[in-house]
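So the structure is just underneath, and the comments pick up after that.
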Amino acid sequence: MTAAEIHQPETGAMLTTADGAPLKEALARAMRRARFRAFLLVVPLLIFVLVTFAVPIAQMLYLSIHNPVFSDHMPRLTAYFEAHPDIDVPGEDGFAALALDLAASKKDRSAGRVGTRINYERPGSNSLFKSGARKAAKFKGPPYKEKLLKHRKDWADPHLWNVMKRAAQAHTLGFYAAALDLTYDKKGEITRVAPERRIYVMLFVRTFLLSALIAALCLLLGFPVAYLLANLPLRYSNLLMILVLLPFWTSLLVRTTSWITLLQSQGVLNDLMVATGMVGDDGRIQLMYNQAGTIIAMTHILLPFMILPLYSVMKTIPPSYMRAARSLGATPVTAFMKVYFPQTIPGIGAGCLLVFILAIGYYITPALVGGSTGELISNQIAFHMQSSLNWSLAAALGAILLFGVVLLYWLYDRLIGIDNMKFG
Amino acid sequence: MALPAHASIGERVWHYCYLVICGLIFLFLIAPILVIIPLSFNIEPYFTFTYKMITFDPEGYSLRWYDKILTFGMAAPEALRDGSWWRDTWENATWLHALKNSAIIGVASTLFATVLGTLAALGLSRPEMPFRRAVMALLISPMIVPLIITATGLFFFYSGAGLAHTFPGIIMAHAMLGIPFVIITVTATLSGFDHSLSRAASSLGATPVTVFRQVILPLILPGVISGALFAFVTSFDEVVVVLFVASYDQQTIPLQMWNGIREQISPTILAVATILVVISIALLSTIELLRRRSERLRGISPG
């Protein structure tokens, strides 16, 4: 009997279950039920992560292109801009809208926030709006243009009107432009900001380069150790593994504190170097509050993330391959380079990607030991969140960083697979 | 790793050089953590070894910074150390306040993360799970996305939802951050799980709940516990989210350390750090024991 005959018995009748349903359908139904049951187990967590993680990030992304401060608090002027999109410096009607909005903003105390919004792009506008609002509240009636210009000549600045016209649009890509060191010039065209104010592109580049350097250093230090751990008998390697895992389990702030004690100019390392005569007491090396601090501390903190994936890959490489290569006449170096090393590449890829992904988002360590030259892009995001309160710019910087991380994460999933991530 | 008898001189030299290099790297890994332990007993307010400490003079050492952990923030630290002094400590000491908050947030978020994460891992490890890869990628992503971005998002979300400066808000955020660790460890344990065991139990008439309690749970328990420990450590160590969405009432130990380092760093930080190192050694030993137990249960014996 051939295979086809088994599936299609001579009678031509379909295979059925005991209660008479066609087997194929019953099977499909059972599969659907099993899939549904599996999905049901994941649903509570999926909802939880969507609410506490995906929604907040989506909200942040929206904030990076949506800033309604100006249009909310200056409704008349916003309506005027909508009606007259091409105007440069308006006449009496535009100034009337401005003066009435300013007077209203004095009343609901939003003049400061509106001024701050304009100040992002035109420095000095903050005080202009605050004092202007105080003045405008006292205006009895027209002519508004004349009265406002008497307050400050700045009100007739075409650049100011240009900035206000753009700020009136709640949906804007202006914050992404600012995050890339671009701005709109007085004619409203995109240009690069003045050289001394170009910081974000430089910071993105620095974050990228430092993360790459840290990943390379981790590989340099992690490879020999992982090789040793993978080739020692388990009794010893388990003991040595503790030396790798203890830093992994120790609080990040504890490790950063340790590096502060070690690297300070009055700290342990400098004292040691002075005591051994390597440097004089007045020649203490500045190891902290600069890039060196960030690199040293972050390499130490991220090293276990390199060693663990390398170790798990090296563990699976049979030692007999190297022996075979040697017995066929390869020198130790050739055997290592041609036979062993290529087999460790998946581990190198996993470790480097993981360290790189973690490094580009680091905030705590650079903030504590990095100073201003060792600062990464995350520190600027925190600065705009907490000090300058330019939240939309913080969100735009965060969105660009997030885009990079998601790209790398996708690469990691494609190349290594997130299922293969393991700890300890 | 032992050298074979036929190794040449060059190989021998390289072998010992290699061992020295590895030793130095291990020193780099572990020394920064161990160096703070003796320094935390320094009697002087310095961050380096004094002459008396190097010569092991008992006068160079003291417990004053550990005492400071208890007295810092107290109403009357100089009072006689009786019952009311201890009550004052318990109620007012800044570090104890932070410890209590860390414990509440850590335990609650760990429970949350472990229960939800284990359930999800059970579903994710079934072969019939739809969209497995995409769902897994989403659930792991809180571990990958930089904390500063998560914290920024949560700041906006919580301000709007009224969860900023509240315990439930921080507990939910920390549970979310711990979940990837629970999922990774539990799915790893489940990957070695023999599904015919649960099928056998079902065919013998056990309900799904009984199968889970009597067959599955005991076998995956080591993985669940180590996942829970990871989640706890994640919460206990987290500072960025707390920095963005907590007020003084929810101040945790890492946040207090962060403030201490930024404002005026005193050796009290080293004393706290030493205690935290001891705790992490205890946690690491627990994990190691669990791993061995899990290997024994699954029939993999360490050599």
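Just so it is clear, none of the values below were taken in a lab; they were calculated from the coordinates. Predicted model, so just to flag it, every value in this text is computed and none were measured. Cβ sites come from the backbone with ideal geometry, for glycine too, and all protein chains shown count toward neighbours.
Observations, loosely collected:
- For the range A:69-170, the equivalent ellipsoid derived from the alpha-carbon gyration tensor has semi-axes of 17, 16, 13 Å in decreasing order.
- Under the span-like rule (Cα at least 30 Å along the axis, Kyte-Doolittle mean at least 1.0), DSSP H helices of chain A: A:23-49, A:200-231, A:291-314, A:391-415
- Quarter of Cα convex hull surface for chain A, i.e. mean projection, nm²: 39.7
- Computed on the range A:55-126, the Cα convex hull volume stands at 117 Å³ per residue.
- For the range A:195-329, the percent of C-alpha pairs falling in each 10 Å distance bin, counted from 0 to the bin holding the largest distance, reads 11, 27, 29, 21, 10, 3, 0.
- Dipole moment magnitude, nearest 20 debye, the range A:69-170 about Cα centre, only Lys, Arg, Asp, Glu C-beta charged: 680
- Fraction of C-alpha pairs exceeding 14 angstrom in the range B:16-67: 59 percent, rounded to a whole number.
- The alpha-carbon atoms of the range A:200-420 define a convex hull whose volume equals 166 cubic angstrom per residue.
- The protein assembly as shown - mean residue ellipticity at 222 nm from DSSP helices (-39,500 (n - 2.57) per run, n ≥ 4, rounded to 500): -22000 deg cm²/dmol
- Calculated P(r) tail over 51 Å for the protein assembly as shown, as whole % of Cα pairs: 27
- Each 10 Å bin from zero up to the one holding the largest Cα-Cα distance in the range B:114-185 carries the following percent of pairs: 19, 43, 29, 9, 0.
- Cα lying deepest toward the dipole's positive end in the protein assembly as shown, options B:Ala108, B:Gly123, A:Ile307, charges on Cβ: B:Gly123
- Rg in Å to one decimal, and Dmax rounded to a whole Å, for the range A:289-424 via C-alpha atoms: 19.9, 67
- Positive-pole candidate from A:Gly124, A:Ala97, A:Ser64, dipole of the range A:54-156, charges at beta carbon: A:Gly124
- Hull volume per residue, based on the alpha-carbon atoms of the range B:147-303 and their convex hull, is 152 Å³.
- The three principal axes of the Cα atoms in chain B give end-to-end lengths of 72, 70, 39 Å, sorted in falling order.
- Using all pairs of distinct alpha-carbon atoms, the Kirkwood hydrodynamic radius of the range B:220-303 works out to 15.1 angstrom.
- Taking every Cα-Cα distance in the range A:118-253 and sorting them into 10 Å bins from zero, the calculated P(r) comes out as 9, 22, 18, 13, 11, 11, 9, 5, 2, 0 percent.
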